[in-house]
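Presented below is the structure to which this report refers.
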Amino acid sequence: MLNIGGLHEGVVIDHIKAGGAMQIYHYLNLEKIDSSVAIIKNAKSNKMGKKDIIKIEGPITVDLDLLAVLDDDITLNYIENDVIVKKRHPNLPETVTNIIKCKNPRCVTSSSSERGLAHTFKLTDRKHRIYRCIYCEQKFKGQL
Amino acid sequence: MKHLITPLDLSVHELDDLLALAGRIYRNKERYKKVCEGRKLASLFYEPSTRTRLSFEAAMMNLGGNVLGFSSADSSSVAKGESIADTIRVISYYADICAMRHPKEGAPLVASMYSGIPVINAGDGGHNHPTQTLTDLLTIKELKGDLNNLTIGVCGDLKFGRTVHSLINAMVRYKNIKFVMISPPELKIPDYLRRETLDAGNIPYTETSDFESVMPDLDILYMTRVQRERFFNEEDYIRLKDSFILDNNKLKNARKDMLILHPLPRVNEISTEVDSDPRAVYFKQAQYGVYLRMALIMKLLEIPDPYQKEELC
Ligand SMILES: [Zn+2]
């Protein structure tokens, strides 16, 4: 049973593949939010053996569905008044903007004159969680 | 407002319409010589591609329109670091339609996002070259009468050759299409094309490196170049390149009505002795390219064909 001690209101991001927490921390830009954030590494899990957990306190201002791009097996536990009010997996967003950067050197986003251009990826294969750059079709498959 | 950025931007129905218009123009060019009077095409070529640029410019002139533009990045404001978005916003006030060639993949899509006029992708790096693909379709449609029920041989560099990938993606939308992939084992079609297009659509295809044995099966033979730089060593290149050169000897078992296409420019993959064979239509293909671009300009400018009804009667 997950210990949510100390978290009165917020979200527990559970079932993160062990070792993936820091990547998620940076990916969601959690260093930029004011809320208190706890990272638990290598917690015991019946299902996964070992797992990571992130707890974020207070109202959530980041788009947690973005996590699906990396791993849609993650569980989001929403907590209000010390109880879990909602449990769900993140939904794969149809498009993600400025989260994934296109790494194709031939892509227009790599031009020095196009620095202001948003890096946008579209979901092209929901089953395999494959995103492609809208400009050059470079493939991205998120992994933790 | 519509743009043409990828070969699949047009539905099969829109494509039929476009090819039919191109066919009417081809058969009666005189009639269309004023339909774009007073209109301007901007040809924005950020890298030189003389043949494509001249084909677009000839198309607009044939319709009675005018052309303006630049033919390389050094002569344009891009040399001063202007973004594509800013350039196209300004060009939108100068011209009615534009054709953009750019070394970076996706540049014409960026232009279309900020443009006040229709944008035609005239080639973005090795990515898409939709007017080439549409020209291939027009050539087949005009000379075979139909885009259904064909066995299409594609030969050469099938791994990196984007013209071939685009042709395959465009042709699988028609009925009863079979492909014969002819290439050295090193240059077979990429896995994603196999998986996402051919297998996903249950499209029959065979793969071989024996050119001559499959020749009698083909309705269309689409030739592309095997490039030296694709090989790790010179011996492999020399060993393989001759097996994929088309000459009269290899053609002896081909059907009498087979068509030989090539996107041009050719280097040595089609021997010049083949040029006089009536099945060699690659120069005709370049001619069709102009009519295709004429039809495309009319469609994107939403200029109705004054002669459409006549043909239906
Ligand atoms: Zn890209």
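A short reminder: the numbers here are calculations on the coordinates, not readings from a lab. None of the values given here were measured: they were computed from a predicted structure. Note: ideal-geometry Cβ built from the backbone for every residue, glycine included; neighbour counts use all protein chains shown.
Summary table below
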quantity	calculated
Positive minus negative residues near B:GLY201 (Lys, Arg vs Asp, Glu; Cβ under 14 Å)	+3
Rg in Å to one decimal, and Dmax rounded to a whole Å, for the protein assembly as shown via C-alpha atoms	26.9, 85
Volume per residue of the C-alpha convex hull in chain A, rounded to whole Å³	117 Å³
Structure-based [θ]222 nm, chain B - -39500 (n - 2.57) summed over DSSP H runs of at least 4, per residue, nearest 500	-10500 deg cm²/dmol
Proximal aspartates and glutamates relative to B:LYS284, as straight alpha-carbon distance under 16 Å, when same-chain residues fewer than 8 apart are discounted	B:ASP136, B:GLU142, B:ASP257, B:ASP275
Label-to-label distance, nm, for residues given as B:GLN308 and B:ASN148 (7 Å Cα→Cβ offset)	2.2 nm
Environment charge of A:LEU123, counting only residues whose C-beta is closer than 12 Å and scoring Lys/Arg +1, Asp/Glu -1	+3
Averaged over B:120-127, number of beta-carbon atoms from partner chains that fall within 10 Å	2
Cα-based equivalent ellipsoid, the stretch B:126-195: semi-axes from gyration tensor eigenvalues, Å	20, 14, 11
Relative contact order %, the stretch A:1-76, counting alpha carbon pairs below 8 Å whose residues are six or more apart	43 percent
Taking the C-alpha atoms of the stretch B:131-280, convex hull volume expressed per residue in Å³	107 Å³
Over chain B, relative contact order from alpha-carbon pairs under 8 Å, at least 6 apart, %	19 percent
Debye log10 I(q)/I(0) at q = 0.07, 0.12 Å⁻¹ for chain B, Cα point scatterers	-0.28, -0.84
Residue mean of other protein chain beta carbons inside 10 Å, A:132-139	4
Rg and Dmax [Cα atoms of the stretch B:236-313; Å; Rg one decimal, Dmax integer]	18.3, 58
Using θ = phi - 60° and Karplus 6.51 cos²θ - 1.76 cosθ + 1.60, couplings along the stretch B:28-37 (whole Hz; Gly, Pro as x)	8, 4, 3, 5, 9, 6, 10, 5, 10, 3
Surface/4 estimate of mean projected area, convex hull on alpha-carbon atoms of the stretch A:9-88, nm²	4.9 nm²
Sequence-distant residues sharing a close amide H with A:HIS119 (under 5 Å, placed H)	A:ASN98
Mean-position separation - Cα centroids, the stretch B:32-102 and the stretch B:206-246, in angstrom	36 Å
Average other protein chain Cβ within 10 Å of Cβ, residues B:97-105	3
Cα-based equivalent ellipsoid, the stretch B:1-96: semi-axes from gyration tensor eigenvalues, Å	27, 17, 13
Separation of the A:LYS50 and A:GLU94 label points, Cα + 7 Å toward Cβ, nm	4.0 nm
Residue pairs, from the table A:LYS17/A:LYS55; A:LYS86/A:LYS122; A:LYS41/A:LYS122; A:LYS127/B:LYS175, whose Cα atoms sit over 20 Å apart	A:LYS86/A:LYS122; A:LYS41/A:LYS122; A:LYS127/B:LYS175
By average C-beta atoms within 10 angstrom, highest first, the peptides B:22-28, A:24-30	B:22-28, A:24-30
Gain on full stretching of the segment that runs from B:LYS284 to B:VAL172 - 0.36 nm per residue minus C-alpha separation	37.9 nm
Rg and Dmax of the stretch A:95-141, Cα atoms only, in Å	10.5, 36
